[in-house]
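Below: the structure, in structure tokens.
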Amino acid sequence: MGDVFRSRLGRTIGEADNVWFTLLTMNTNQIHFNEPYAARTEFGKPLVDSTFTLALVTGLSVADVSENAAANLGWGEILLPRPVFVGDTIWAETEITAMRESASRPNVGIVSFRTRGVNQRGEVVIEFTRTIMLYKRDAAETVDAFPTTEEQWRV
């Protein structure tokens, strides 16, 4: 509880990321893909689809908090305090807010946390809560699955 994890890597968002994600999700809001339209808005240029930002920041946090998750149980309180644009680089910062044993599954625990996406200017661009079912350290599902070899390294 209270531990904070910062993603080791940041990710710069390209135009293809935004356009492909917008098309993939059938989002027809022109603010994401029509430059002349977006130029007339208060932002002056296309916005990155906010659900892409949510997916990206979730992905950036996986290595730190949910790589051994059995399941996502939910997201909540998704806030978008600043816009995201093509060319922005985003990092994730996650704080563990609650942990408990699972009432029904002895090999997992329930972990809740708050994650923030931070851009290259140090501005928070997204913040959300998330709860996962996480395998315990001694669970069979967390055993290293790297195959053993018949040969040893030769020096």
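Here are some notes:
- Sequence-distant contacts, meaning Cα pairs under 8 Å at least 6 residues apart, place the relative contact order of the chain at 26 percent.
- At most 11 other Cβ within 10 Å, DSSP loop - GluC sites (Glu not before Pro), the stretch 62-155: Glu67, Glu150, Glu151
- Local electrostatic count at Leu23 - Lys and Arg +1, Asp and Glu -1, tallied over other residues with Cβ under 15 Å: -3
- Within the chain, the longest segment free of exposed loop sites, counting chymotrypsin sites (Phe, Trp or Tyr not before Pro) that fall outside DSSP classes H, G, I, E and B and have at most 13 other Cβ atoms within 10 Å, spans 44-152.
- Sites listed here are trypsin sites (Lys or Arg not before Pro) in the stretch 42-124 whose DSSP assignment is loop and whose Cβ has at most 13 other Cβ atoms within 10 Å: Arg121.
- Loop-located trypsin sites (Lys or Arg not before Pro) in the stretch 1-49 whose Cβ has at most 14 other Cβ within 10 Å (DSSP): Arg8, Arg40
- Calculated mean residue ellipticity at 222 nm for the chain: -5000 deg cm²/dmol, from DSSP H runs with n ≥ 4 weighted as -39500 (n - 2.57), summed, divided by the residue count and rounded to 500.
- Distance (nanometres) between label positions extended 7 Å along Cα→Cβ at Tyr37 and Asn107: 4.8
- Taking the charge dipole of the stretch 45-155 about its Cα centre, with +1 at Lys and Arg Cβ atoms and -1 at Asp and Glu Cβ atoms, the residue from Gly74, Leu47, Met99 reaching farthest to the positive side is Leu47.
- Average accessible surface area per residue within the chain, 1.4 Å rolling probe, Å²: 66
- Rounded Å value of the spacing that divides the Cα centres of the stretch 102-133 and the stretch 9-23: 22
- Annotation for Lys45 and Gln30: the two label points, set 7 Å from Cα along the Cα-Cβ direction, are 2.0 nm apart.
- Rounded to the nearest Hz, the phi-derived 3J(HN,Hα) couplings of the stretch 77-94 under the Karplus curve 6.51 cos²θ - 1.76 cosθ + 1.60 (θ = phi - 60°) are 6, 7, 10, 10, x, 9, x, 10, 10, 3, x, 6, 10, 10, 10, 10, 10, 10, where x marks glycine and proline.
- For the pair Arg6 and Phe146, the difference between a 0.36 nm per residue extended length and the Cα-Cα distance amounts to 47.7 nm.
- Each Lys and Arg Cβ is given +1 and each Asp and Glu Cβ -1; about its Cα centre, the chain then shows a dipole of about 280 debye.
The values are calculated or read from the model by the stated rules, or taken from the named source; none is laboratory data. Everything numeric here is computed off the predicted structure, so don't read it as measured data. So basically every Cβ, Gly included, is an ideal-geometry build from the backbone, and we count neighbours across all protein chains shown. Surface areas here come from the heavy atoms of the whole protein model, side chains and all, with no ligands, DNA or RNA. Shrake-Rupley method; radii C 1.70, N 1.55, O 1.52, S 1.80 Å.
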